[in-house]
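The values are calculated or read from the model by the stated rules, or taken from the named source; none is laboratory data. All figures in this text were calculated on a predicted structure; none of them were measured in a lab. All Cβ positions, glycine included, derive from the backbone under ideal geometry; neighbour counts span all protein chains shown.
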């Protein structure tokens, strides 16, 4: 007998563990992530929305991703995404907008919202990139979710079911009345949509509902500890959109982890301020008692001490991730990061003495107010950290001005200047042992900078018409009291 030939999708599903939705429901929906399966399943936002949509009694939600040489189909049903009633897309990164276009083209769906027929699927887009600025895709999507989507998505679905149509005007008008929803055909380009914030995170778990080896986490159960930061760093859009930290309760976190111990004893703790949780010591002690192997996604420098590191090391943490961003205290304080190089070196020393093998450091170049002295100081700082005989992985990214931040009107540094600074760091750090240096693409950074501040017309030119030239420089926005920015659609107050 010939062996059964398994499809690419079957091979992914065969190694998944955890949540499996009920398929026999009247409404069909597909949640798309405009990137690879590996990236999609590494996203807690994608996984969580997949779970929460499937808790609706009338909806089965499949998943779809972008893979080279693969059709865009639902992973479970193998149906083309154009055959579903609703297409929802979760987007974290502006450059993935190009993959949205690719997915819809492959499915034979008209990119222009106004040209689609009532028989076409309703297209909903959400995620942090959309919450920052939905304008670039406003001539493509029927519906945008602004802010946290957990409480909004089922209201959209309820209104869709009530009207019993697909993308006709009547259902759009009904959906447009939901708080946190932006419908360009109803609201136009000058409305203000209040971004939504889930007050009680315990009501909406955010974690690895599907566990697989084919992710960044590799068979690890990852749980979101908290949202928001509160530090108000001047370059960070997410922190200005969600300025107040919100924590899941200790009981909720431990309950969800305990439920998944039968699947895996590897646990990831996700959040920008995990160590600021009011019950962090109790949580870590319980994980140690359960014999869990655990790690924290990133640490704040001020949260590092011997007691915490000893607990993390006992749980199996081998590396620490920190974000000093700059090489000088002056520039760091100017972007509202309030710690010194001296403190960073002190904490690096503690990590080294306790046997942490590796420190990942994130930096930016091209910040407002930066001088060449800041670049050479960045080299000196990395060199001093490396003296503690610990592996240093330094990632250097160009500064990108983002909407809703104090730097939203700033220019990006010239490409030539960015290349000079990066090449200088490469040259200076080449001879230092135990330092691994990585840089993100200047070309892609410029493209991201253009898209994140784009208006509807620019978005149409780039994504719908395909007429795009990467600019030599992104200038500052001119300050004008009467000027409305494309991202003013989003009300973050």
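Annotations for the structure displayed:
- Qualifying residue in segment 115-133 (condition: in a helix (DSSP H, G or I), under 26 Å from the mean Cα position of the chain (by Cα) and more than 19 Å from residue 46 (Cβ to Cβ)): no
- Every test in (1) without any contact (Cβ under 8 Å) to a residue 60 or more places away in the chain; (2) over 25 Å from residue 214 (Cα atoms); (3) assigned to a loop (DSSP other than H, G, I, E, B) is passed by residue 111 save one, and that test is (1).
- Whichever residue in segment 74-84 is surrounded by 20 or more Cβ atoms within 10 Å (Cβ to Cβ) and within 16 Å of residue 141 (Cβ to Cβ) and, among such residues, is farthest from the chain's Cα centre (by Cα): 84
Residues are listed down the side, and each one gets a yes or a no for (1) surrounded by 18 or more Cβ atoms within 10 Å (Cβ to Cβ); (2) assigned by TED's automatic domain parsing to the domain that holds residue 441; (3) modelled with pLDDT under 95:
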residue	(1), (2), (3)
327	yes, yes, no
334	no, yes, no
345	no, yes, no
354	no, yes, yes
361	yes, yes, no
367	yes, yes, no
382	yes, yes, no
390	yes, yes, yes
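- Which numbered condition residue 200 fails, given (1) outside the structural domain of residue 18 (by TED's automatic domain parsing); (2) modelled with pLDDT of 95 or more; (3) surrounded by 17 or more Cβ atoms within 10 Å (Cβ to Cβ): (3)
- Given (1) out of contact with any helix residue (DSSP H, G or I) (no Cβ under 9 Å at 6 or more places or on another chain); (2) in contact (Cβ under 8 Å) with a residue 40 or more places away in the chain, number of the condition residue 192 does not satisfy: (1)
- Filtering segment 290-308 to residues that are within 19 Å of residue 393 (Cα to Cα) and surrounded by fewer than 21 Cβ atoms within 10 Å (Cβ to Cβ) leaves 295, 297, 298, 300, 301.
- Screening residue 237 with (1) surrounded by 21 or more Cβ atoms within 10 Å (Cβ to Cβ); (2) in contact with a strand residue (DSSP E or B) (Cβ under 9 Å, 6 or more places away or on another chain); (3) under 26 Å from residue 38 (Cβ atoms) gives one miss only, at (2).
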